[in-house]
Protein chains: 2
Amino acid sequence: MKILLVEDEPKVSAFIKRGLEEEGFEVEVAYDGRFGRQLALSHAYELIILDVILPYFSGLEVLEAIRAQDQQTPVLMLTALGTTQDKLHGFGGGADDYLVKPFDFPELVARVRALTRRRGQQAKSAVLQFEDLTLDSAAKTVTRAGQPLKLTAREFGLLELLLRHPGRVLSRAELAADVWEDSFDAGSNVVDVYVNYLRNKVDKPFPRKLIHTVVGMGYVLRAQE
Amino acid sequence: MKILLVEDEPKVSAFIKRGLEEEGFEVEVAYDGRFGRQLALSHAYELIILDVILPYFSGLEVLEAIRAQDQQTPVLMLTALGTTQDKLHGFGGGADDYLVKPFDFPELVARVRALTRRRGQQAKSAVLQFEDLTLDSAAKTVTRAGQPLKLTAREFGLLELLLRHPGRVLSRAELAADVWEDSFDAGSNVVDVYVNYLRNKVDKPFPRKLIHTVVGMGYVLRAQE
DNA sequence: CTTCAACCAGCAGAATTTTCATGGGAAAAG
DNA sequence: CTTTTCCCATGAAAATTCTGCTGGTTGAAG
């Protein structure tokens, strides 16, 4: 994984890039706020080092754009000013560390190491919910009314799709296309069979039914009859 | 959880203590290195703020004593000197951040927040635990029900990853990506083989099984069936 | 009210996929 | 050079997935 360095002064950026590369990091450089923002949003970096003073967008604006879509990647801000005003603004905006120029290179390395070392796998669990039914698509767990349900892979895929579109009627073709991908036979009743399996596990043990049949159209996830 | 502040100048310590308390932190103060070390080693703190210059023991000596028995608690060093020599010494000794006196109070608060926040999110303690299974990722030791287990490097890596995400189903791809890094063949069954090795050592000798397979999805660490 | 066609639920066993558990050989460590 | 660790390959076992079928329901036309 790479480090993104956004710094407009060629001397400084070259110095940092070379130094970090000697320490075994891979470094990519952007020379202005516009390009920096673009790279930061389109690639995954291990760490982003942002100068505050940049052409087009300031480092703080870039930081804001990054945090709007990604909370995870650590960001280290560089500033020529030791003014606390800036520092707080940066921390408030989601920066993980701050360094005041001029800085000692070994200190930069120390902070870079601290920030990259720390990144554990932050499991982003995308949790879908409907009524008392909960599905964690990352952890692959499902619960209803607090009770864990044991589903097979197909059942899970089917329920996930239904949960992604609560209240919407999904045709057999739509369900098959998503859950069975390309390999599915139009004349088959697999979908029906699996909806049935799902009902046995998800609806049967509970009084309120969530999976409903719409004759001639398909199936829906919804509360009432 | 409290913050421990080790600072001998009464004016400074009172100022910091009051200020942090206004921000909602609980603060305990020690006025010399000896007492500071004693408190740090005998209580669990959320963060320890250490002045470098102290009576009896220096802040660096206290830090060393802390790190000898606890890698986890974040430590913020305060120094009157801006000399890089000191800074590196502190980072090398295991400090998590550094602040040069005189500092702006808001900046201290910002760094304190960063350090306490980070810890909460991460919960990346060196020792992972689940049920009666314990793994110390720093010491590379594993015990179950008090008995030490002898694992190979791969087995250890695999168990560590499972232990980091208890209850979450991890796919073979996820496991392979983390434990085998880039060098792994998708068509291989290495993961299965190593899960089997792990089970022989971790689960087989014990009545309660912890590693479970979820057919079509991957493996989980969890208590029940 | 009856009939008919389309549609759907549910089952049971066959087919397929996935996983387990080994043995053996290559590579690395001691 | 011996031991340990690592990985591949294989067949057996287990679990899931699918097919084909029966019977029930619905709704519209006669």
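The values are calculated or read from the model by the stated rules, or taken from the named source; none is laboratory data. Source: prediction; values computed, not measured. Cβ coordinates were reconstructed from backbone atoms using ideal geometry, including for glycine residues, and neighbour counts include every protein chain displayed. Accessible surface is based on the protein model in full, side chains and every heavy atom, while ligands, DNA and RNA are left aside. Shrake-Rupley method; radii C 1.70, N 1.55, O 1.52, S 1.80 Å.
Some points to look at:
- Residue in segment A:126-141 that is farthest from the other protein chains (Cβ to nearest Cβ), counting only those that are at negative phi and crowded, with 20+ Cβ neighbours inside 10 Å: A:L133
- Being more than 16 Å from DNA strand D (Cβ to nearest atom) and either assigned to a loop (DSSP other than H, G, I, E, B) or under 29 Å from the mean Cα position of the chain (by Cα) (or both) is a property that A:A139 has.
- Residue list for segment A:1-15, restricted to those being hydrophobic (A, V, I, L, M, F, W, C) and open to solvent by 10 Å² or more (accessible area, probe 1.4 Å): A:M1, A:V12, A:A14, A:F15
- Hey, A:D178 free of Cβ contacts under 8 Å to residues at least 40 places away in the same chain and open to solvent by 50 Å² or more (accessible area, probe 1.4 Å) or not: yes
- Considering residues of segment A:38-50 that are at pLDDT below 90, buried (at least 16 other Cβ atoms within 10 Å of the Cβ) and not small (G, A, S) only, the residue farthest from A:V100 (Cα to Cα): A:L39
- Qualifying residue in segment B:148-156 (condition: modelled with pLDDT under 90, farther than 12 Å from B:V220 by Cα, surrounded by fewer than 16 Cβ atoms within 10 Å (Cβ to Cβ) and more than 13 Å from DNA strand D (Cβ to nearest atom)): yes
- Restricting B:R168, B:R144, B:R164 to those that are crowded, with 19+ Cβ neighbours inside 10 Å, away from every other protein chain (no Cβ under 14 Å) and more than 16 Å from DNA strand D (Cβ to nearest atom) reduces the list to B:R144.
- From the list B:S171, B:S188, B:S183, the lone residue that is of a type in the set (S, T, Y) and at pLDDT 90 or above is B:S171.
- Residue ID - modelled with the lowest pLDDT, chosen from residues in segment B:77-125 that are assigned to a strand (DSSP E or B), more than 9 Å from chain A (Cβ to nearest Cβ) and within 18 Å of B:L20 (Cβ to Cβ): B:L99
- Answer residue from segment A:187-212, given it is more than 25 Å from A:G146 (Cβ to Cβ) and open to solvent by 70 Å² or more (accessible area, probe 1.4 Å) and is nearest to DNA strand D (Cβ to nearest atom) among those: A:N189
- Selection from segment A:16-27 of residues that are surrounded by fewer than 15 Cβ atoms within 10 Å (Cβ to Cβ), outside any loop (DSSP other than H, G, I, E, B) and touching a residue at least 24 places away in the same chain (Cβ under 8 Å): A:E26
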